[in-house]
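J.: Quick one: the structure is below, questions incoming.
Rule-based calculations on the coordinates, nothing more; no lab input. Fair warning: this is a prediction, and the values are worked out from it, not measured in the lab.
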Amino acid sequence: MPTIESTVREHRIRAGLSQEGLSRLLGVSRQTVVNIERGESEPRVFLALAMASIFGVAVGELFRSKRA
């Protein structure tokens, strides 16, 4: 079952962004993106909203678990 970290990574890759590229668009450090993708931290609400906007998805999509 995908977690927030794998969902963010999938959307980032689909968008053709590197971790550095996404961090620049979000106005955060690359380490922040790395920590989210490793599951070491969850994005704050404003960051989740910004990511959803960049990826062109609803914010709930980032947190939704997909069942096989």
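J.: Could you grab the relative contact order for the chain? Cα pairs under 8 Å, six or more apart, rounded to a whole percent. All intermediate terms of the calculation are to be shown ahead of the outcome.
T.: Numbers: 60 pairs, mean separation 28.9, N = 68.
Once divided by the residue count of the chain, the mean separation gives 42 percent.
J.: If you don't mind, another one. Per-residue ellipticity at 222 nm for the chain, helices alone: DSSP H runs ≥ 4 residues times -39500 (n - 2.57), over residue total, nearest 500 deg cm²/dmol? All intermediate terms of the calculation are to be shown ahead of the outcome.
T.: Values: 5 runs with 44 residues, N = 68.
After summing the helix terms and dividing by the residues of the chain, the value is -18000 deg cm²/dmol.
J.: Continuing with the same structure: Rounded to whole Hz and in sequence order, give me ³J(HN,Hα) for region 35-42 from the Karplus expression 6.51 cos²θ - 1.76 cosθ + 1.60, θ = phi - 60°, writing x for Gly and Pro.
T.: For region 35-42, the Karplus-derived couplings read 4, 5, 5, 8, x, 7, 8, 10 Hz, x marking Gly and Pro.
J.: Looking at the P(r) of region 4-63, how many percent of alpha-carbon pairs lie beyond 14 Å?
T.: Counting every Cα pair in region 4-63, those more than 14 Å apart make up 46 percent.
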